[in-house]
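The values are calculated or read from the model by the stated rules, or taken from the named source; none is laboratory data. All values reported here derive from a predicted model rather than from experimental measurement. Neighbour counts are summed over all protein chains in view; Cβ atoms, including those assigned to glycine, are modelled from backbone coordinates with ideal geometry.
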Amino acid sequence: MNEFRAPPGTHDVLPPESARWQRLVALFAGRADRAGYQLVVSPMFEDLAVFQRVGEDTDVVRKEMYDFLDKGGRRLALRPEGTAPVVRAFVQHRPLTPFKAWYAAPSFRYERPQAGRYRQHHQLGVEALGPEDAELDVEVMALAYGTCGDIGLNAVTVLLNSLGDDTCRPAYLDTLRAFLEERVDDLCDEHRERAKANPLRVLDCKRPACVAATADAPRLIDHLCEPCAAHFEQVRSGLDAVGVPFQLAPRLVRGLDYYTRTTFEMQSSALDAAQNAVGGGGRYDKLVEALGGPPTPGIGFGLGIERLLLAADAEGAFPAPARTADVWLVDVTGGREATALAYELRAHGVACDRSFDRRSLKSQLKAANRACARLALIIGERERAAGLVTVRDLDTGEQEEVGRGVVAKHVQERLMRP
Ligand code: HAM
C-alpha cells in the first residue's frame, strides 16, 4: 500500500485522459478566441471577502470554502468559482468594455466527494462585462452549448430562466415569502429556518419536502417587470434564431446569489441526476458594483471539465486519442541517429518519439505499436552506412528505403496523405 494518495475529492489527470483535457481546452479556447474572448489568468486565491461579497447566503460560500489565514495574517480563500475573481480583476484594472474574458481554471469546494463531485474541479468559463444587450446573452449561451457540441454531446438540455432585477424581484420575493410562510412546516429542516431570509434558495432545494411544498409556488417569470420581460423575450427569440434549443425552467435558481435576469444551466441526461449539470451561468448585473466598481452589467458561464468528460463517456463520445506519436524512430545503432532525426523531424512539425536505453529492434517496434504510430523509421548499421532510412508503414507493413537527407520531407508528405 502506498503511503500517499491524492487528497479526498481530488484526482490526478494522467495520459491518456489528459489528452482529452488538452483537446477540450484547445477546442474551447479556439471557440472563445473566435468570438473575441481573451484569456484571463487570475490568482487561485483571493481575499475571503471577495467571495463573501458575492454569495454570503449560499452553500458554496457558507459551508464549502477553503479559507485560511496566511503567514501574514491575511484571510484568504481558494476560489470556489471563476466569476468573482474575474470581476475583482476587472474592478482593479478597469479595462475597456466590452471586456470579454475566458479561463480554464481549478475551483475548490469542500463538498462530499462522489462521482462527478470533487473538492477540486476545473471549469472552462467566460465572463463578458459591459453590454446589457440580450444579444450578448445569446452569444454566451451559444458558446457554452457549442462547446458541448464540439465534443459530441447530444443529451444536453439547456434550462433557461430569468431572475428579474432590483425592480421586479423584491415584490416577487414578498409574494414567495408569503407563500412559503403558509407552508413553513412542510419545508426541510434547513429551510424552515432560512426560508424568510432567502426564499429563492428554497426553490433550489432538492430535498423532497421542499420540492413538494413548492410545487405550486409563484413563478418569477410571471412577475417580471416590463424591461426584464422584454429582455427575456429577446434572449428566447435570439436562441431560436441561432438554433440553440432550450427549455424554460421557472424554478431554476442556481447555487450562487449574484444572478439577475438570464440564468441557465446545461444538464446531461446521460449523467446521474444529482450531478447532471455540465455547466451553468447567467447575468450578474450588480456584481461589479458589489465589488466596488462602476455600474457594469455582466454575464458568463462555467462548464465543468470533469462533468463534460463524464457526460462524453456516458455517451461514448470524445474518446482519448490512441495515437501518441505519428512517427516512431527505431535506432539499433546506439541511439544517436534517432536523436538527430527526431530533432529534424520535430523541426518539420512532425510528432515523433523514439526509444531509449538501446532496446532491441523487437522492443522498439513494440513501443512503436503501443504509440499507434503510423510510421516507423528504422535505422540499422546497414542503413547508417548507406545513408538511408527504412520507412515502414505500420498499418500495412509495407516499407521502403529513403535517403537520409530527404527523409524529413518524405515523412511530412506521407503524413499529409489520409
Ligand atoms: P456553478 O454552477 O457553481 O457556476 O459551476 C459551474 C459548473 O462547474 C457546474 O455546472 C458543474 O459542471 C461544475 N462543478 C461545480 N461544482 C463542482 C464540483 N464540486 N465537482 C465537479 N464539478 C463541479 C459557477 O461556478 C459560476 N461561476 C458560473 C458562472 C460564470 N456564472 C456566471 N459566470
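When GLY281 is evaluated against the numbered criteria (1) among the small types (Gly, Ala, Ser); (2) modelled with pLDDT under 95; (3) within 9 Å of the ligand (Cβ to nearest atom), which criterion, by number, is the only one it fails?
(2)
Out of region 120-150, which residues are more than 8 Å from the ligand (Cβ to nearest atom), among the hydrophobic types (A, V, I, L, M, F, W, C) and not in a helix (DSSP H, G or I)?
If the condition is that a residue be more than 8 Å from the ligand (Cβ to nearest atom), among the hydrophobic types (A, V, I, L, M, F, W, C) and not in a helix (DSSP H, G or I), then LEU124, ALA128, LEU129 are the ones that fit.
If you go through region 292-305 one residue at a time, do you hit one that is crowded, with 18+ Cβ neighbours inside 10 Å, polar (S, T, N, Q), under 23 Å from VAL138 (Cα atoms) and touching a residue at least 40 places away in the same chain (Cβ under 8 Å)?
Scanning region 292-305, I find at least one residue that is crowded, with 18+ Cβ neighbours inside 10 Å, polar (S, T, N, Q), under 23 Å from VAL138 (Cα atoms) and touching a residue at least 40 places away in the same chain (Cβ under 8 Å), so the answer is yes.
Okay, residues lined up against (1) modelled with pLDDT under 95; (2) more than 30 Å from LEU271 (Cα to Cα); (3) in contact with a Leu (Cβ under 6 Å, 6 or more places away or on another chain); (4) assigned to a loop (DSSP other than H, G, I, E, B):
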position: LEU329; (1), (2), (3), (4): no, yes, yes, no
position: TYR343; (1), (2), (3), (4): no, yes, no, no
position: ASP357; (1), (2), (3), (4): no, yes, no, yes
position: SER363; (1), (2), (3), (4): no, yes, no, no
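I'd like to check something: does region 316-324 contain any residue that is out of contact with any helix residue (DSSP H, G or I) (no Cβ under 6 Å at 6 or more places or on another chain) and aromatic (Phe, Trp, Tyr)? Working first, answer last.
Residues of region 316-324 that are out of contact with any helix residue (DSSP H, G or I) (no Cβ under 6 Å at 6 or more places or on another chain), as a first pass: 316-317, 319, 322-324.
Then drop every residue that is not aromatic (Phe, Trp, Tyr), which leaves none.
No, region 316-324 has no match at all.
Please work out which residue is modelled with the highest pLDDT, limiting yourself to region 12-61 and to residues that are within 16 Å of the ligand (Cβ to nearest atom), over 19 Å from the mean Cα position of the chain (by Cα) and outside any helix (DSSP H, G or I).
Across region 12-61, the extreme among qualifying residues is GLU46.
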